[in-house]
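Accompanying notes for the structure given below.
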2 protein chains.
Amino acid sequence: MPELRREPVTGRWVVIATERAKRPESFAQERRKPSKSRANCPFCYGNEAMTPPEVLAFRPEGAEPNSSGWRVRVVPNKFPAFTIKDEQKIRVSATSIMSNSEQVNEQEELGIYSHKPALGIHEVIISSSDHFKSLALLTNDEVELVIEAYCSRLLAVKDDPMVQHLLIIVNHGNEAGASLEHPHSQLFGMPMIPPVMAEEINCASSYFGKKGRCIFCDILTEELKSGERVISESEHFLSFSPYAARQPFETWIVPKKHLANFEFISLEEKKDFAFILKDTLSRVYKGLNDPPYNFYIHTSPKKIDTRKFYHWHVEIFPKLSIQAGFEMGSGIMINVTSPEESTKFLRNL
Amino acid sequence: MPELRREPVTGRWVVIATERAKRPESFAQERRKPSKSRANCPFCYGNEAMTPPEVLAFRPEGAEPNSSGWRVRVVPNKFPAFTIKDEQKIRVSATSIMSNSEQVNEQEELGIYSHKPALGIHEVIISSSDHFKSLALLTNDEVELVIEAYCSRLLAVKDDPMVQHLLIIVNHGNEAGASLEHPHSQLFGMPMIPPVMAEEINCASSYFGKKGRCIFCDILTEELKSGERVISESEHFLSFSPYAARQPFETWIVPKKHLANFEFISLEEKKDFAFILKDTLSRVYKGLNDPPYNFYIHTSPKKIDTRKFYHWHVEIFPKLSIQAGFEMGSGIMINVTSPEESTKFLRNL
């Protein structure tokens, strides 16, 4: 089982997940190229038995679970970074939430060090049966189904007592950390509020305390007014490059309506979110020649009432630059392309 | 001139350095392979005129500045992330510090956004005249000269009023962000204490407040006692994989003597530091087949009295894993190799 370790200087928690360890020797080998082949792909039709049993699937009524014919399929990650306790593994399903447990936080102290099991959730959302079509290439309806699956799983695991925070991410392409080629997303349920989220929540709360307004709402107002970083706009969303973009072509999608939790969006907003997400990713795909990218959805942690000051959103990062010694040692990013220039390029496609 | 921009949600500062911008189109091109050639290398003998005039060089007595024959050479970065003001550019040298300036912090507010010029220092330390020899392949004496140059420049620019913090970093290999192949280090002088450093200082100070001891000294004690993460040890230094390593083969070099500032080490310690740095990098080179890597030296910010609680050290990261959506969205790293396993591999070479 993977474990969390606390870096004693900064207090940062790290997951040590030796179950998916490579042999040290294998790091010395040359990087293999992506196979561009669906042979033995566990996410393709016919290979459903290669994954753990599904926890959710959109498939024709009456069809057998874990058979082919599904449109979106959600399965536990075979090599999870966060796991449920062994004795609980039996009862994972879309409807029954993992049983609660009072003694999940068995933190152990070892002198100045401490560690505890990395309990939580790690699932894979397979976008479609098509091995070659990333979100940018799916239809709006297909992307909407993926979003439906995101919301459905977020709501299903929300009350799990092990989980403090839920994060949906997409890694696209080998260089962006996608170990399997078939397009998919991942859902992480963590036993803590992670530092990036904690910082966002604290800062948004402090801004609200001072100004009485949501910082994200204020950003939307500013971006709509200036327009110089707006990539595209729909009825309910704005897609733009943030003022202090950390990387070339960093892009945010922010809902115009103030709402802390992504999983609470309406049916109409889901449809519109599918449109703007596909539109933005298509611009990245076309303009930058299908680059590797990462994106994540920041939604409010479940146990804090952030309704007044937090605002869910998406942050997209095409993988076009390298986080090197300066960025790592300082925490300050160096961006070689201004967000205004990135915007111009993506907007005019 | 590059500028700093503040991300309004988290308060993070970002450098926007459009002077070294790539054309958006060029991001779509395939990544070129390292040339493995010294043609037109600005850091090789004979090409000294291709860099800005040197600010320091170790060369035979009486030799002309900016001629060949040097052993280590330090020049301002041609495309800096932090720059001195234009009118000050004339007077940079090893001995004369940039003139002071009271009005360097011209922060400008634009609604919720604010920005200011990225004033500071960005220099390149060329390790040797050999285009193909990284630190792992130099002799101990040659590495010692590089360390001498680090200390010399840190002391020379320490009193610059623009600079709040100094950071030395090495990017080795294209995939680790080295844009020039010829082995070199970089010195950054920043107009703020960067977040990674601020966090370390705050945490170390708080630990000292509670325990009355330096956290790094306590880590040394713990690591020497257990021994399971010690890669190598010299008279004055310990090289080990930290308990909560964020990446496979992350390695720290920590001096046994409590000292906040790297640049204050003694001659004897410099010699020993050269030995352990080369020893550690040689293990990485041999064991992992000359992987790309980053390292940085964390030394105390100059304007805070951290003598009691801070402890300078080096953090080394072979570039063998990818920071993907989860790490970016959460701030939590997933490490697929335990530090104990990394240690065993590097120690037994």
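Within the stretch B:138-163, which residues are at pLDDT below 95 and surrounded by fewer than 19 Cβ atoms within 10 Å (Cβ to Cβ)?
Those that are at pLDDT below 95 and surrounded by fewer than 19 Cβ atoms within 10 Å (Cβ to Cβ): B:LYS158, B:ASP159, B:PRO161.
Could you list all residues from the stretch A:177-189 that are crowded, with 21+ Cβ neighbours inside 10 Å, outside any strand (DSSP E or B) and among the hydrophobic types (A, V, I, L, M, F, W, C)? Break it down stepwise before answering.
Taking the stretch A:177-189 as the starting set, the residues that turn out to be crowded, with 21+ Cβ neighbours inside 10 Å are A:177-178, A:182-189.
Now restrict to residues that are outside any strand (DSSP E or B): A:177-178, A:182-183.
A:ALA178, the sole residue that qualifies.
Output the residue which, of all residues in the stretch B:156-176 that are under 16 Å from B:VAL75 (Cα atoms) and either in a helix (DSSP H, G or I) or in contact with a Lys or Arg (Cβ under 6 Å, 6 or more places away or on another chain) (or both), is farthest from the other protein chains (Cβ to nearest Cβ).
Per the stated criteria, the residue is B:ALA156.
Could you tell me which residue of the stretch B:288-331 is surrounded by the fewest Cβ atoms within 10 Å (Cβ to Cβ), considering only residues that are of a type in the set (Gly, Ala, Ser) and more than 7 Å from every other protein chain (Cβ to nearest Cβ)?
The residue in question is B:SER321.
Suppose we keep only residues that are touching a Lys or Arg at 6+ places or on another chain (Cβ under 9 Å) and more than 11 Å from chain A (Cβ to nearest Cβ) within the stretch B:239-257. Which one would you say is surrounded by the most Cβ atoms within 10 Å (Cβ to Cβ)?
Taking the candidates together, the pick is B:PHE240.
So A:ARG347 passes all but one of these: (1) over 19 Å from the mean Cα position of the chain (by Cα); (2) buried (at least 23 other Cβ atoms within 10 Å of the Cβ). Which condition number does it fail?
Against the list (1) over 19 Å from the mean Cα position of the chain (by Cα); (2) buried (at least 23 other Cβ atoms within 10 Å of the Cβ), A:ARG347 comes up short only on (2).
Quick check, is B:TYR150 at the interface with chain A (Cβ under 9 Å from one of its Cβ atoms) and assigned to a helix (DSSP H, G or I)?
On the way: at the interface with chain A (Cβ under 9 Å from one of its Cβ atoms): no; assigned to a helix (DSSP H, G or I): yes.
Against the criterion (at the interface with chain A (Cβ under 9 Å from one of its Cβ atoms) and assigned to a helix (DSSP H, G or I)), B:TYR150 does not qualify.
What residue, among those in the stretch A:179-226 that are touching a Gly at 6+ places or on another chain (Cβ under 7 Å) and more than 10 Å from chain B (Cβ to nearest Cβ), is farthest from A:PRO292 (Cα to Cα)?
The selected residue is A:PRO191.
Would you mention how many residues in the stretch A:225-243 are farther than 28 Å from A:LYS270 by Cβ and without any contact (Cβ under 8 Å) to a residue 40 or more places away in the chain?
Of the residues in that region, 1 qualify.
How about the stretch A:119-133: which of its residues are of a type outside the set (A, V, I, L, M) and closer than 11 Å to A:PHE188 by Cβ? Step through it out loud before you land on a result.
Of the stretch A:119-133, the ones of a type outside the set (A, V, I, L, M) are A:120, A:122-123, A:127-133.
Correct list: A:GLY120, A:HIS122, A:GLU123.
Report, ordered by the first and then the second residue, all pairs with beta carbons closer than 8 Å, sequence separation of six or more or different chains, a first member in the stretch B:35-63 that is over 22 Å from B:GLU148 (Cβ atoms), and a second member that is of a type in the set (Val, Ile, Thr).
Short answer, once both residue conditions are applied: B:PRO42/B:THR51.
Out of curiosity, is B:VAL170 at pLDDT 95 or above and over 16 Å from B:GLU315 (Cα atoms)?
On the way: at pLDDT 95 or above: yes; over 16 Å from B:GLU315 (Cα atoms): no.
Taking the combined requirement at face value, the residue does not satisfy it.
The values are calculated or read from the model by the stated rules, or taken from the named source; none is laboratory data. Bear in mind that the values here come from a model prediction, so they are computed numbers and not experimental data. Ideal geometry is used to build each Cβ from the backbone, glycine not excepted, and the neighbour counts take in all protein chains shown.
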